[in-house]
1. Which residue is nearest to ligand 1 (Cβ to nearest atom), if the candidates are limited to segment 104-113 and must be open to solvent by 50 Å² or more (accessible area, probe 1.4 Å) and more than 14 Å from A171 (Cα to Cα)?
2. I need the full set of residues from segment 60-77 which are over 17 Å from the mean Cα position of the chain (by Cα) and either of a type in the set (S, T, N, Q) or open to solvent by 70 Å² or more (accessible area, probe 1.4 Å) (or both), in order please.
3. Being more than 15 Å from the chain's Cα centre (by Cα), under 29 Å from R248 (Cα atoms) and open to solvent by less than 20 Å² (accessible area, probe 1.4 Å) is true for just one of P45, P54. Which residue is that?
4. What number goes with the only condition from (1) within 16 Å of ligand 4 (Cβ to nearest atom); (2) open to solvent by less than 30 Å² (accessible area, probe 1.4 Å); (3) of a type in the set (S, T, N, Q) that T146 does not pass?
5. Here's a check for you: in segment 218-244, which residue that is in a loop (DSSP other than H, G, I, E, B), over 17 Å from D191 (Cα atoms) and touching a helix residue (DSSP H, G or I) at 6+ places or on another chain (Cβ under 6 Å) is least open to solvent (accessible area, probe 1.4 Å)?
6. Across segment 158-182, what is the total count of residues that are at pLDDT 95 or above, open to solvent by 20 Å² or more (accessible area, probe 1.4 Å) and within 16 Å of ligand 3 (Cβ to nearest atom)?
7. Name every residue in segment 233-252 that is at negative phi and within 16 Å of ligand 3 (Cβ to nearest atom), in order of residue number.
8. Restricting attention to segment 3-15, does a residue exist that is modelled with pLDDT under 95, among the charged types (D, E, K, R) and either surrounded by 11 or more Cβ atoms within 10 Å (Cβ to Cβ) or assigned to a helix (DSSP H, G or I) (or both)?
Amino acid sequence: AKRAGSHGMAVHDPSMTDRRAADAALGEDIAVALERGQLHVVYQPIVDLEDGRPLAAETLLRWQHPRLGPVPPDQFIPIAERNGAINAIGLWVLDQACRQAVEWDARYVSVNLSPRQLQEPTIVHDVLAVLRRTGLDPERLVLEVTESAIVDENAGIPALRALRSYGIRIAIDDFGTGYSSLHYLTRMPVDILKIDRTFVNELNGTSEGAAVTEAVIRLSQALHLTTIAEGIETEEQAAELRELGCTRGQGYLYARPHPAEELDWNRFATSPS
Ligand code: C2E
Ligand code: CA
Ligand code: CA
Ligand code: CA
């Protein structure tokens with residue numbers, strides 16, 4: 001790392017330099033993690049807030065690094081996004097999820113799609129190929145994208161429209177944390193809004209705490225979208241969400257993410273609709 005020189009040159013924060021080196025190393029490791037069998041997926045149930053019954057599940061990626069142990073996705077996904085490794089990894093996650101969903105009575109399986117994947121010219125073809133290969137009905141797949149992925153990348157919208165025309169549904173993830181113009185939303189190919197857990201966290205029985213969550217629920221209702229509240233940790237939050245008219249949710253209160261075989265599939269609705 002450069003130190004501040006006598007002629008006042010730009011100072012490189014040493015911790016920043018270390019961080020970059022670590023990220024570069026992690027980037028090389030994530031690029032080979034898939035072929036080395038270090039990745040697996042876990043599933044978190046999405047439940048009916050009325051009775052807590054699981055309706056669907058979100059697929060979440062896990063990386064067991066040979067030296068570092070488990071590395072959280074918030075740490076390695078942005079790196080895989082930058083170096084492009086996310087493209088192959090994301091399709092692998094989709095394949096795993098679709099294969100699993102074919103065996104389940106769950107209504108649908110949800111898979112995160114990174115902005116980089118959405119920009120790939122072959123994304124629509126690739127997703128359809130996975131559905132064909134696994135035999136999953138497109139109506140049983142939900143793709144989660146972030147607001148910024150849609151708003152920033154104009155290229156993403158035609159791809160989402162095309163995917164949707166095959167019956168795949170689109171959810172906006174972490175809704176409320178991006179800068180999306182609300183007006184834009186009426187023209188977006190979207191079926192589901194996921195309320196970010198920072199807003200669910202603010203539910204504390206006051207109207208101020210509920211303001212954003214309530215606004216998102218009303219907006220969803222007006223646009224005939226489904227709302228899913230994320231990160232529900234307490235019964236009080238669940239009760240307040242029900243009162244506000246939110247019908248679906250996920251969070252540690254109901255279940256943490258688990259490997260498929262550890263989830264109690266018998267609690268899934270037996271007649272998908
Ligand atoms: P996300 O898509 O918003 O996923 C929800 C995150 O919240 C997950 O973290 C989940 O474990 C966590 N969570 C669920 N319920 C609760 C709760 O009640 N309280 C708290 N505090 N957290 C809860 P996770 O698995 O660490 O994933 C972090 C992020 O990494 C995801 O956020 C998503 O943006 C990204 N990610 C994970 N898997 C994939 C993937 O396969 N592809 C892509 N592109 N991104 C992924
Ligand atoms: Ca998500
Ligand atoms: Ca989210
Ligand atoms: Ca998130």
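The values are calculated or read from the model by the stated rules, or taken from the named source; none is laboratory data. Note that the structure is predicted; figures quoted are calculated from it, not measured. Neighbour counts run over all protein chains shown; Cβ positions are idealised from the backbone, glycine included. Note: accessible area is taken over every heavy atom of the protein model, side chains too, but ligands, DNA and RNA are not part of it. Shrake-Rupley method; radii C 1.70, N 1.55, O 1.52, S 1.80 Å.
1. Result: R107.
2. Hits for segment 60-77 are Q64, P66, R67, L68, P70.
3. The match here is P54.
4. Only one criterion in (1) within 16 Å of ligand 4 (Cβ to nearest atom); (2) open to solvent by less than 30 Å² (accessible area, probe 1.4 Å); (3) of a type in the set (S, T, N, Q) is unmet by T146, namely (2).
5. I232
6. Counting residues in segment 158-182 that are at pLDDT 95 or above, open to solvent by 20 Å² or more (accessible area, probe 1.4 Å) and within 16 Å of ligand 3 (Cβ to nearest atom) gives 1.
7. Hits for segment 233-252 are E233, Q237, L241, C246, R248, G249, Q250, Y252.
8. No, there is no match, as no residue in segment 3-15 is modelled with pLDDT under 95, among the charged types (D, E, K, R) and either surrounded by 11 or more Cβ atoms within 10 Å (Cβ to Cβ) or assigned to a helix (DSSP H, G or I) (or both).
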